[in-house]
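Values quoted throughout were computed directly from the atomic coordinates according to the rules given, and no laboratory measurement underlies them. Predicted model only: the values in this text are computed from it and were never measured. When we count neighbours, we look across all protein chains shown, and the Cβ atoms used for this are built from the backbone with ideal geometry, even at glycine.
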Amino acid sequence: MFNLTPPRREQARLSSGRAVRHHAGVATSTTNPRRAIPSVERLLRAAAGAALAARYRREHVVETTRMVLDDLRRAATDGARVPADAEILERVRLRLEGGSTPRLMRVINATGVVLHTNLGRAPLAEEAIAALTAAARGAVNLELDLESGRRGDRDALLAEDLRALTGAEASLVVNNNAAAVLLLLDTLARDREVVVSRGELIEIGGAFRMPDIMAGSGARLHEVGTTNRTHAEDYRRAIGPDTALLLKVHTSNFRIVGFTASVELAELVAMGRAAGVPVAEDLGSGALVDLAAWGLPREPVVSERIAAGADVVTFSGDKLLGGPQAGVIVGRRNLVARLASNPLRRALRPDKLTMAALGATLRLYRESPDLGAALPTLRLLTRSVAEMEAVGRAAAPLVATRLGAGYRVEVVAADGEVGSGAVPDVPLPSRALAIDHPEVPAERIAARFRAARPPVIGRVREGRFLLDLRAVFDPHELAVELG
């Protein structure tokens, strides 16, 4: 008799209706390609997998490998070929390397906006960078009194510099200027009224509005005047038993022109003194010196506002001051002490890196014989058109070579701006490289430059892509590899 029953292994293969073959590390299936996808363990046992596990944390490699395999499973349902193990591991390697690239990276600012909020605002002086780096490397006396050995006050580190530069009795530093205003209102006006002109109810970047800060602080907003005209009598009529603060806000990010009226700080201070109500001013951009000395439009100087009688002044550290992101509060000792004792202050205080960089920047203001050269913000704002023209003429052929055939690159006149809401109505004469192509839209050209390493950030104007040269000193910076 003949045994017509096939072996069990053959039975299983026939009953399943599929045949599976393994050859040279490639597995295929005639009906279910997903069965050919290798396991994580099999991949990590391979030499290339073991090398990745030695270079990166094993858990991270496992997680990334699973992500790549998940992609293959989704593709396999559409009949896509399952790659060899070596190719899969190469995909894992590329994803690991891509993921290890810093999310925050250096970019070349060719927008023409010196203090660009999206690009980190003010570049720091070398002295500030050195101070920040030194503080980052180890322990510092952030809150230690070296003389007594007891716990110290981090604000004491900057108190003398801020007193000398602003004339204020006391000072306090927080995370940013919005935090400074929040702390001010929460401390001095919670559940009470703050009188402010309608024409000064500004909106800060990112749709963050002054009335919203007031609401978050618990203070009640009492608007006076109209959008374009506010008079002293408007304030006088508003002051009452529930008035906690008269607030003046510098409209640094817009201008109202034409039929306008506003109340000068000195007059507001006189009203506040008569009524026993403190007067505060939010200066925003925070100029410590008169910018007119460098041929720039004049902005209110902090020391002048203190001299005019403001009880408290708040301003930014990373705008016209040219330092790190911070909010600075200066004013009368008794009021600043109240702000410092508010429990909210602990949540808003800056770290050692901010204190180090800000301290070094303030010392430049006090000590540097040539502040315009020492402070990058001033150096960028005061560059000559002739210097930018020279950079542009040297950069144009380099950029044209990178772009390839069909592109036109020429040096053109352009207008830049200070940025971050400072001096919004005064353009900065500049030079730019204008790039166009008869068949390539300006937005696609911009995307090519953003994809470079380092990315180059320009702007699109009237159908042309512009690389403004105000913040570009080396023409070779723009000659990046373009995909």
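State the dimensionless ratio Rg/Rh of the stretch 126-374 (Rg: radius of gyration of Cα atoms; Rh: Kirkwood radius).
With Rg and the Kirkwood Rh in hand, the quotient comes to 0.98.
What is the percent of Cα-Cα separations in the chain that go past 32 Å?
For the chain, the fraction of Cα-Cα distances above 32 Å is 58 percent.
Once you charge only the Cβ atoms, +1 for Lys and Arg and -1 for Asp and Glu, what is the size of the charge dipole of the chain about its Cα centre, to the nearest 20 debye? Could you put the intermediate results ahead of the total?
Working: 64 positive and 57 negative charges, 553 e Å.
It works out to roughly 2660 debye.
Identify the GluC sites (Glu not before Pro) of the stretch 227-324 meeting these criteria: DSSP loop state and at most 11 other C-beta atoms within 10 Å of the C-beta.
E264
Figure the gain on full extension for E267 and L146 (residue separation times 0.36 nm, minus the Cα-Cα span) and round it to one decimal in nm.
That works out to 39.1 nm of additional length.
Measure off 7 Å from each Cα along the Cα-to-Cβ vector at R338 and R393, then give the distance between these two points in nanometres to one decimal.
6.2 nm
Charges on Cβ only, +1 for Lys and Arg, -1 for Asp and Glu, centred on the Cα centroid of the chain; of M271, G79, G120, which one is farthest towards the dipole's positive end?
G79
Work out, step by step, the length gained on full extension between D242 and R137: first 0.36 nm times the residue separation, then minus their alpha carbon distance; give nm to one decimal.
Working it through step by step, the gained length comes to 32.8 nm.
222 nm [θ] for the chain, helices only, -39500 (n - 2.57) per DSSP H run of 4+, per residue, to 500?
Details: 19 runs with 195 residues, N = 483.
Helix-only estimate at 222 nm: -12000 deg cm²/dmol.
Of all trypsin sites (Lys or Arg not before Pro) in the stretch 109-167, which ones are in loop regions per DSSP and have a Cβ with at most 15 other Cβ atoms within 10 Å?
R150
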